[in-house]
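All remarks here apply to the structure that follows.
The values are calculated or read from the model by the stated rules, or taken from the named source; none is laboratory data. Since the model is a prediction, treat every value here as computed from it, not as a measurement. Neighbour counts run over all protein chains shown; Cβ positions are idealised from the backbone, glycine included. Ligands, DNA and RNA are stripped out before the accessible areas are found, and what is left, the full protein with its side chains, is counted by its heavy atoms. Shrake-Rupley method; radii C 1.70, N 1.55, O 1.52, S 1.80 Å.
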Amino acid sequence: IPVRLSVTALYDSHGHIYGFLGIAHDITEQLKAEEQLEQLAYFDPLTQLPNRMLYNDRLNQTINLAKRNKTHFSIFFIDLDKFKFVNDTYGHEMGDKLLVKVAEILTQCIRKSDTVARLGGDEFTVILPGMDSHYDKLAVGLIAEKIIAKLTEDIIIDNTLIQIGASIGIAIYPQHGSDASSLNKHADIAMYQAKEQGRGQYIFYDPEKTVGMASPD
């Protein structure tokens, strides 16, 4: 068990140390409480994915690493298609179960070195760190295609068939921004572009394109 140990020297009448007294305090519950607080601060309580705070922290770490190593990386902004319909038709409990399932699917689609997070609602993000100086845009696109394909498959929850989809916006460091704010903004814009152009697809941010910022469902 984890303990906190306090040790005190014992002196005789001549001021010489003749022994030590150790007192061990069981801190199991204290450590559990600290872990719970950290979980609440940095992880989404529903899906157990990193939340917005931890996502931004990891994104800044990835930016610093890429800047130091002169590498590229991508971030995905993922918005679920038809999620509002599921909530309105089957209720919020079913919607919550669907979000948990989506979190599992996204985690299965990425590498261990990648980060998938939930920002809130039905909005998820993915950080795909670059492994070397070569940036393979085609490979990144294939990951986005895989995510969309998996989320388009039939999902069974409580014996109910759920059919959704996803639209993905992609921003590349440093081409589309050298800081977290710019990358997030441009990935978000690209995601809206994907929705405007028919949903169920991914789009790399293109500053030359404009898009109406209608609220996604």
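Just want the answer: with Cβ charges of +1 for Lys and Arg and -1 for Asp and Glu, which residue in 177, 194, 56 is farthest toward the dipole's positive end in the chain?
177
If I take every Cα pair under 8 Å that is 6 or more residues apart in the chain, average their sequence separation and divide by the length, what percent do I get for the relative contact order?
Computed value for the chain: 20 percent relative contact order.
In nm, give the distance between the simple-model label positions of residue 153 and residue 32, each being 7 Å from the Cα along the Cα-to-Cβ direction.
Inter-label distance under the simple model: 3.8 nm.
Based on Cβ point charges of +1 for Lys and Arg and -1 for Asp and Glu, what charge dipole magnitude is obtained for the range 92-161 about its Cα centre, in debye rounded to the nearest 20?
On the way: 8 positive and 12 negative charges, 48 e Å.
Approximately 240 debye in magnitude.
Taking square-rooted eigenvalues a ≥ b ≥ c of the alpha carbon gyration tensor, is the range 1-93 rounded, prolate or oblate, where a/c under 1.5 means rounded and, failing that, a/b exceeding b/c means prolate?
It is oblate, given that a/c is not under 1.5 and a/b is not larger than b/c.
Could you tell me the distance between the Cα centroids of the range 52-80 and the range 94-155, to the nearest Å?
Centre-to-centre distance over Cα atoms comes out at 14 Å.
If amide hydrogens are placed 1.01 Å from N in the peptide plane, which non-local residues have theirs closer than 5 Å to the one on residue 162?
155, 156, 157
Going by a ≥ b ≥ c, the root eigenvalues of the Cα gyration tensor, does the range 78-217 fall in the rounded group (a/c under 1.5), the prolate group (a/b larger than b/c) or the oblate group?
prolate
If you count, for each residue, the other Cβ atoms within 10 Å and average over each peptide, how do 11-20, 136-145, 121-130 line up from highest to lowest?
121-130, 136-145, 11-20
Which whole-Hz couplings ³J(HN,Hα) result when phi for each residue of the range 52-60 is put into the Karplus expression 6.51 cos²θ - 1.76 cosθ + 1.60, θ = phi - 60°, listed in order with x for Gly and Pro?
These are the phi-based 3J(HN,Hα) values: 4, 5, 5, 4, 5, 5, 5, 5, 5 Hz.
Given charges of +1 on the Cβ of Lys and Arg and -1 on the Cβ of Asp and Glu, with all other atoms neutral, how large is the dipole of the chain about its Cα centre, in debye to the nearest 20?
On the way: 21 positive and 29 negative charges, 133 e Å.
So the dipole magnitude of the chain works out to roughly 640 debye.
How far, in degrees from 0 to 90, does helix 28-42 lean away from the longest principal axis of the Cα atoms of the chain, to the nearest 10?
So the inclination is approximately 30 degrees.
Between residue 185 and residue 46, with labels modelled 7 Å along Cα→Cβ, what's the label distance in nm to one decimal, could you check?
2.8 nm
Rounded to the nearest 10 Å², what accessible area does residue 53 have for a 1.4 Å probe in the complete protein model?
Accessible surface of residue 53 is approximately 110 Å².
Here is the link list: 82/146; 84/137; 150/185. Which ones come out longer than 29 Å on Cα distance?
Where the Cα-Cα span goes over 29 Å, the pairs concerned are 84/137.
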